[in-house]
């Protein structure tokens, strides 16, 4: 790929990232460092390192904000403190567990239903105690 191709690809990825950072259902946060890395490939490290560092910092802050928001929302709605942990485990197991069964749609189905099943199962166990 030419340098100009990397420029256009970086621009496209950053344009995909913008709505995803504002709308909760679209994955946008992960696209920021990917777009910055593509720009780094096109421009060179000596020019692009501030953008890459800034994109990684925004990515880290966004992940921290997601974790804090998830924890506060689950506490406010009366969920147990293990519900976010179970949702994360359900997400990982759903991504990996359904992959052999459905090679094309397995990760999507696992990402959609894994956290829900993990959190629901944990809440059920906590309620039965």
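The values are calculated or read from the model by the stated rules, or taken from the named source; none is laboratory data. Bear in mind the structure is a predicted one, so any value in this text is a computation, not a measurement. Note that each Cβ is placed from the backbone with ideal geometry, even for glycine, and that neighbours are counted across all protein chains shown.
Suppose the filter is in contact with a helix residue (DSSP H, G or I) (Cβ under 6 Å, 6 or more places away or on another chain) and either assigned to a helix (DSSP H, G or I) or modelled with pLDDT under 80 (or both); does residue 11 pass it? I'd like the intermediate steps shown before the answer.
Values: in contact with a helix residue (DSSP H, G or I) (Cβ under 6 Å, 6 or more places away or on another chain): no; either assigned to a helix (DSSP H, G or I) or modelled with pLDDT under 80 (or both): yes.
No; evaluated as a whole, the condition is false for this residue.
Rundown of residues vs (1) assigned to a helix (DSSP H, G or I); (2) surrounded by fewer than 13 Cβ atoms within 10 Å (Cβ to Cβ); (3) in contact with a helix residue (DSSP H, G or I) (Cβ under 7 Å, 6 or more places away or on another chain); (4) modelled with pLDDT under 80, yes/no style:
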{"residue": "1", "(1), (2), (3), (4)": "no, yes, no, yes"}
{"residue": "35", "(1), (2), (3), (4)": "yes, no, yes, no"}
{"residue": "38", "(1), (2), (3), (4)": "yes, no, yes, no"}
{"residue": "53", "(1), (2), (3), (4)": "yes, yes, no, no"}
Just one of the numbered conditions (1) at pLDDT 85 or above; (2) closer than 22 Å to residue 115 by Cβ is not true of residue 57; which one? (2)
